[in-house]
Amino acid sequence: MVGVVAGVQRQMASPALFTYSHTIGLASFEGRGFMNPVDVRMDSRRMVYVLSRSNAQNKNVRVSVTTLGSEFQFEFGLWGTDPGKLTMPTALVIDRKGRVYVSDEHMNSISVFEQDGTFVGRWGARGPGPGQINRPSGLAFDSHGDLLVVDHLNARVQKFTTDGRFISTFGTFGAGAGQLNYPWGIAVDARDNIWVADWRNDRIQRFSPEGAFISVHGRTGSRAGEFRHPSGIAVDSGGDVFVADWENDRVQVFSPAMKHRETLWGDADLSRWCQEFLAVNPEQRDQRLASGIPGHEEKLFWRPSAVCTTADGLVLVADSCRHRIQIYQRSPEPAAV
């Protein structure tokens, strides 16, 4: 079945592989809420870490920590250039020990924090040489615990130890097989193959653990399997591939062989934080109702930037321009007949 959403052709899958669970979020400059979240991760304690990029005017960058049930815990990495601060954060990732790594494209650095937000250290230097970076974006760990960094403007991926020692690099600028143009998101699958969201080339590329080109998927467009500036990518424990198709305002789900399986468009209802805010601010509740904001469009993704999956089938989507995280659950597999 085919439908159209905001000019984008929509493929309806039946039955759905995923069901909407709930939303966490509220547009907020500090504390409980987010401001243009660009990445999301869950740690081993099932705490959710959300990276707010904010904007140059507000400077409300931060990492917010909350439970899946919307119990706000704390925040860290506020705006600034001093150690422990962030200016233009792009991605975060969590290692086996629970340490949090955040890339910052203004400072061309990776900042490291403990689970509780305590600052550990920062490394990185701007440049085109081996081990230097120019506007880092996506982050991912391989099975050896080494950190892969998308070196955005240098059109490559570099591998480092957790303390910043350079190991290797691959990728060059261009549109050919294995070349990159403004790469952004990155993921590593169970075989240590490396998946890269090749943003300006409107495609996904897969590389071996050593960085050798394996395959390319997608082209510019809005049909299933096509992309417009894919930003985030995740590979779940079963090998399914999730792509935050940024400009198409959707998340596409593919099999390990990159066969299209389902498209998520957003199904948000009011988050718990929004409900509590409106309950004590009746004038804003009434203005919201009078404006006609509640409706079909409000539930949809608006520039989804990143996807995170968990071993138990959760899918968390950073719905950036609506300042929230939408959460889905993989549906139970139908019983064999």
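The C-alpha radius of gyration of segment 81-181, expressed as a fraction of 2.2 N^0.38 Å, stands at 1.03.
Model label sites at GLU210 and LEU289, defined 7 Å from Cα along the beta-carbon direction, differ in position by 6.6 nm. Bridging of LYS59 to lysines at a Cα separation below 27 Å is possible for LYS85, LYS299, once same-chain residues fewer than 8 apart are set aside. Just checking the listed ones, SER103, SER208, SER291: in the Gaussian network model of the chain with Cα springs under 10 Å, the one fluctuating most is SER291. When the Cα gyration tensor is reduced to axis lengths a ≥ b ≥ c, the ratio a/c is 1.5 or higher for the chain, and with a/b not above b/c it is classed as oblate.
Phi-derived couplings, Karplus 6.51 cos²θ - 1.76 cosθ + 1.60 at θ = phi - 60°, listed residue by residue for segment 314-321: 7, 10, 10, 10, 7, 8, 4, 7 Hz, with x used for Gly and Pro. Among rounded, prolate and oblate, which fits segment 216-270 when a ≥ b ≥ c are the square roots of the eigenvalues of its C-alpha gyration tensor, a/c under 1.5 means rounded, and a/b larger than b/c means prolate? Cα axes put segment 216-270 in the oblate bin.
Loop-located trypsin sites (Lys or Arg not before Pro) across segment 78-182 with a Cβ neighbour count of 12 or fewer within 10 Å are ARG96, LYS97, ARG165, with loop assigned by DSSP.
Note on ARG46: accessible area approximately 100 square angstrom, rounded to 10, probe 1.4 Å, nucleic acids and ligands left out. Summing charges over all other residues whose Cβ lies under 13 Å from the Cβ of SER28, with Lys and Arg as +1 and Asp and Glu as -1, gives +1. Per-residue extension of 0.36 nm, minus the Cα-Cα distance of GLN115 and GLN329, leaves a gain of 74.5 nm for this segment. Springs between Cα atoms under 10 Å define the GNM used for the chain, and in it the highest mean-square fluctuation of GLY98, GLY292, GLY127 occurs at GLY292.
Mean-square fluctuations from a GNM of the chain, with a 10 angstrom spring cutoff on Cα atoms, peak among LEU148, LEU68, LEU139 at LEU68. Largest accessible area first, the listed residues GLU105, GLU298 line up as GLU298, GLU105 when surface is computed with a 1.4 Å probe on the assembled protein chains. Quick one: net charge around THR66, please, counting Lys, Arg +1 and Asp, Glu -1 for every other residue with C-beta under 13 Å from its C-beta. My count for the surroundings of THR66 gives +4. Local charge for LYS97 was computed over the other residues whose Cβ lies under 15 Å away, with Lys and Arg +1 and Asp and Glu -1, and equals -2. List the aspartates and glutamates whose Cα sits under 14 Å from the Cα of LYS159, skipping any in the same chain fewer than 8 residues away. Cα-Cα hits under 14 Å: ASP142, ASP146, ASP151, ASP192, GLU210. Using a 7 Å offset from Cα along Cα-Cβ at ASN181, what residues in segment 224-260 end up with backbone N under 14 Å from the label point? Label zone hits: 227-230.
Computed over segment 178-279, the alpha-carbon pair-distance distribution with 5 angstrom bins reads 3, 13, 23, 22, 15, 8, 6, 5, 3, 1, 0, each value a whole percent.
Indicate the gyration tensor shape class of segment 23-125 (rounded, prolate or oblate), computed on the Cα atoms with a ≥ b ≥ c the square roots of the eigenvalues: a/c under 1.5 is rounded; otherwise a/b larger than b/c is prolate and the rest oblate. Judged from the Cα gyration tensor, segment 23-125 comes out oblate (a/c at least 1.5, b/c at or above a/b). Per atom type, the chain shows carbon and sulfur on 51% of its accessible surface, probed at 1.4 Å.
Between segment 110-157 and segment 35-80, what's the alpha-carbon centroid distance in Å? Distance between centres, Cα-based: 18 Å.
The values are calculated or read from the model by the stated rules, or taken from the named source; none is laboratory data. Everything numeric in this text was worked out from a predicted model, so none of it was measured. Cβ sites come from the backbone with ideal geometry, for glycine too, and all protein chains shown count toward neighbours. Note: accessible area is taken over every heavy atom of the protein model, side chains too, but ligands, DNA and RNA are not part of it. Shrake-Rupley method; radii C 1.70, N 1.55, O 1.52, S 1.80 Å.
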